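Beneath this line is the structure, given in structure tokens, with notes to follow.
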Amino acid sequence: MLWLCIILLSSCNVVKRVKADEHLITSNTILEDGDKINSERINNIITQRTNSGMRKFFGFPLKLYIYNLARPNIDSIINANILSDSSKVKRKTALLSKKQFDNLIESKRSFNAWLKRTGEAPVIYDENKTIKTVSNLRKYYYSKGWFNNEITYEVEKDSNKLAQVTYKVTKHKPYILDSLKPFISSPAIDSLYNKFSKTTLLKKGEQYDEQNYENERERINSYLRNAGFYYFGQDYIRFEMDTIKTNHKVHTDLIIANRTIRGDDSTTTTPFKIYKIKEVNIFTDDNFNNRFKPIVDTTTYKDFNLYSKEKLRFRPKALTDAVFINKGDIYSDLARSRTSRYLNDLQMFRYPNIEYIENEEDTTLTANIFLEPKKKYALSFDPEINQSNIQTIGFSFSTGLKIRNIFKGAETLEISGIAAIGASKNRNDPEAAFFDINEFGGNIRLTIPRLFSPFNTDKIIPKYMSPSTIINVSATSQQNIGLDKQTLSGMFSYNWSPSNTVTNTLELFNVNFVKNLNTSNYFGVYQNSFGRLNSIAQDIGYIGNDSSLYDETSTTNRYEPADVFINEVLAGNTSLTSNDDDYLTVNNIEERKERLTENNLIFSTSFNYKKDKRKNIFDNDFSVFKWRIELAGNLLSNISSILGSPKNDADNYEIFGVAFSQYIKTDIDYVKYVDLGRKNVLAFRGYAGIAIPYGNSNSIPFSKSFFAGGPNDNRAWTAYNLGPGGSKSTNEFNEANFKLHLSAEQRFSLFGAFRGAVFIDAGNIWNVLDNVEEDAATLTSFDSLKNIAIGSGFGLRYDFDFFVLRFDIGFKTYDPSNDEGNRWFKTYNFRNAVYNIGINYPF
């Protein structure tokens, strides 16, 4: 009802600032041979676009409406209503003071200016701009091969000062490419024509397209610039076309001119020549402060000359491995760009600079590479004050030391540590210190700018892929956070980028050991499980209605009565039998408790593939594809089998008293953005993941399982609150080993830096091929997909340029935890909505 009122109100006010002899453009339509064109590319040709939201955002031109709220003659109004009345001015000045009165007047002007700045002035029909659009459309269709196109327009105006413009396009017969003849002045280029013409973009029989000619110019230029022609450029390439009396055929001449050399008062032409690299000089410590100092250290390594004004800090190989410009090679733009990229990836230097000097006597080039090293040491400090659902207040301090070129091979060593203390919200011991939470941790990370391997991998992963090796070791200890735990992890990985869009990571070894220190506090963390257990104990008379399985007098394990009750039930010492639902509930609680309190040892190998087609942060028409596969426990299992190691009571091998995990895990993540123009973007995401335990495991470690819900997932549920499947779980943290997720979101501009969005999320988690047997929580067939949860909603974003602050409201549209037939829109209201705050877009 509110939206209806706003729309009706706006319909009366959209022409509020439109003069009597003017008309507001409400629509632009392009008809191509009678058919309406929806292509954003063609519609963008129109010079006079309608106001934002005229056709979108419920047909409500929000920016225009905001603009109309502004007063065009604000100074006259202020003067007439306030300043012209001396008694009113005197009265207000006495009430507010002269300074406050002046501020009040200025605030009125500022607010009026803000309305104009934030809003959007009405787009008034202008025939001259319509004629310009006709001209631009004619040029566009001409560029696509319809040389004889005809463009007309019609304008429909009404008595409400509104106008609709229709452009009519008649294309007629297109022109087709027929022949391509080369006219090349330089013999060296002419000799290569048969090679670079094989992949020409100008194909006989295809319709003429001006963009293909431009792309062909770029292709030829790129080929020749990488074939040694240092002075060549696109300006030397041109096409001449003949279409006179050719029966809609295009005859094309490819003309490549000689090089033009311009002097002070003369211009000469000369054939292009192929240049070779005579020598490569690397200046290893070039900067402004030492620009007048002499070179004191000179080294020659594999045809590279290294010069230093101080003692050479790097091993020569570390620098020459980053250079793709080699003595004796022909000049290549590709070698230059790869060198620049690799040197930047090392993160050792500020703005590496590459210059070429021509040696006229022998048609060669000298390549000079200037490097300015960054400081060897960098120290960072990061203090924080925070709150969370487990602590009233907390203080943390992290520090890091970065050491560049630590072994003189352009390696980077990073040492960091964190220390934190906090006050928990639910302290069991009132006599304990106020700050009863603490966390300490340290991390050591070594980055080597090559593949650290005993084997030569250059043929498999050449250096232009910027290979690197990362060795990482970390340890953390937490107390009074959940179950308390100590974590020790180590990782050895290779990284390389085969292209500008593809990144690969091979984690050869990733070891993670987690030791839970306070397992007796399990029910203190998972209170919902304790509540169900306590309720069952009361129902069967195990304890009184006013009693509890919680022992307040205990100083060691206050939840020991709950553990005793579980043992009694499973041993058959209570009135519950194995066929009772309550017995199954107790059994499920025990199984989950065992899994979440057990220590974990994960020894895994994984491979990550990422293809990101986004060109820059302003690109809104791209896709990102990620794939990951992880194998854990195979090496330890094989070693244990070969050595004949004994198994524990659960028939599992152990290392240092811990049963190691064995599983295979893989997931796929795909994101697609579609740019609809005018800051309107349609975004899609699809995700699927599965982790299958086998061998030494019958379940997946909690840290490797999947969860659903949250600000970057299904936004109608909070994190860990959805699933598994259609189960009516009340666990604090719901997780499983199979996940599906789909999202679609349309993002649009509102006003200023504010953006809006409407979205729909679908997905869930299930258990599959593990030790969970509950039907509602497992994926047994395609019929289980009826338990896919659906959430929908809308959001508001504020763009700070360097990040986006996001607020989303999600509504449970289809809730699989409800009974069938009662799942759609049952809690679709603001009272049951989930409110999410996040940084940047969800995907």
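Below, the figures for the structure above:
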{"quantity": "The stretch 573-587, subset in a loop (DSSP other than H, G, I, E, B) and in contact (Cβ under 8 Å) with a residue 24 or more places away in the chain, residue surrounded by the most Cβ atoms within 10 Å (Cβ to Cβ)", "calculated": "LEU576"}
{"quantity": "Enumeration of residues in the stretch 257-308 that are in the same structural domain as ALA188 (by TED's automatic domain parsing), outside any strand (DSSP E or B) and surrounded by fewer than 12 Cβ atoms within 10 Å (Cβ to Cβ)", "calculated": "GLY263, ASP264, ASP265, SER266"}
{"quantity": "Checking PHE733 against (1) within 24 Å of PHE807 (Cα to Cα); (2) assigned to a strand (DSSP E or B), the condition it does not meet", "calculated": "(2)"}
{"quantity": "Verdict on SER107 being among the small types (Gly, Ala, Ser), farther than 21 Å from HIS23 by Cβ and not assigned by TED's automatic domain parsing to the domain that holds VAL18", "calculated": "yes"}
{"quantity": "Identity of the residue in the stretch 768-796, part of a strand (DSSP E or B) and modelled with pLDDT of 90 or more, that ends up nearest to PHE754 (Cα to Cα)", "calculated": "LEU796"}
{"quantity": "Residues of the stretch 469-483 satisfying the condition of being modelled with pLDDT under 95 and farther than 14 Å from GLY441 by Cβ", "calculated": "ASN480, GLY482, LEU483"}
{"quantity": "Looking only at the stretch 599-610, and only at residues there that are in a strand (DSSP E or B) and polar (S, T, N, Q), the one that is farthest from GLY689 (Cα to Cα)", "calculated": "ASN600"}
{"quantity": "Residue match in the stretch 804-823 (condition: at pLDDT below 85 and either within 30 Å of GLU594 (Cβ to Cβ) or in contact with a helix residue (DSSP H, G or I) (Cβ under 9 Å, 6 or more places away or on another chain) (or both))", "calculated": "yes"}
{"quantity": "LEU483 vs. criteria farther than 30 Å from ARG338 by Cβ, outside the structural domain of ASP581 (by TED's automatic domain parsing) and either assigned to a helix (DSSP H, G or I) or in contact (Cβ under 8 Å) with a residue 60 or more places away in the chain (or both)", "calculated": "yes"}
{"quantity": "Hits in the stretch 110-149 (condition: outside any helix (DSSP H, G or I), modelled with pLDDT of 85 or more, within 39 Å of the chain's Cα centre (by Cα) and of a type in the set (D, E, K, R))", "calculated": "LYS144"}
{"quantity": "Matching residues in the stretch 691-705 - criterion: being among the aliphatic types (A, V, I, L, M) and either buried (at least 19 other Cβ atoms within 10 Å of the Cβ) or touching a His at 6+ places or on another chain (Cβ under 9 Å) (or both)", "calculated": "ALA691, ILE700"}
{"quantity": "Count of the stretch 185-196 residues which are surrounded by 14 or more Cβ atoms within 10 Å (Cβ to Cβ) and assigned to a loop (DSSP other than H, G, I, E, B)", "calculated": "3"}
{"quantity": "Verdict on ALA562 being among the hydrophobic types (A, V, I, L, M, F, W, C), crowded, with 18+ Cβ neighbours inside 10 Å and either more than 26 Å from GLU439 (Cβ to Cβ) or without any contact (Cβ under 8 Å) to a residue 40 or more places away in the chain (or both)", "calculated": "yes"}
{"quantity": "Selection status of TYR153, assigned to a strand (DSSP E or B), outside the structural domain of ALA753 (by TED's automatic domain parsing) and closer than 30 Å to GLN207 by Cβ", "calculated": "yes"}
{"quantity": "Answer residue from the stretch 141-154, given it is touching a Ser or Thr at 6+ places or on another chain (Cβ under 7 Å) and under 13 Å from THR29 (Cα atoms) and is surrounded by the most Cβ atoms within 10 Å (Cβ to Cβ) among those", "calculated": "TYR153"}
{"quantity": "Output for the stretch 340-356, where each listed residue is in a helix (DSSP H, G or I) and touching a residue at least 60 places away in the same chain (Cβ under 8 Å)", "calculated": "ARG341, TYR342, ASP345, LEU346"}
{"quantity": "Evaluation of SER340 against (1) crowded, with 17+ Cβ neighbours inside 10 Å; (2) in contact with a helix residue (DSSP H, G or I) (Cβ under 8 Å, 6 or more places away or on another chain) (one fails), failing number", "calculated": "(2)"}
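Matching residues to (1) within 30 Å of THR269 (Cα to Cα); (2) among the aliphatic types (A, V, I, L, M):
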site: LYS139; (1), (2): no, no
site: LYS144; (1), (2): no, no
site: ILE151; (1), (2): no, yes
site: SER179; (1), (2): yes, no
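The values are calculated or read from the model by the stated rules, or taken from the named source; none is laboratory data. Quick caveat, the model's predicted, so the values are computed rather than measured. Here the Cβ is made from the backbone with ideal geometry for all residues, glycine too, and neighbour counts use every protein chain on show.
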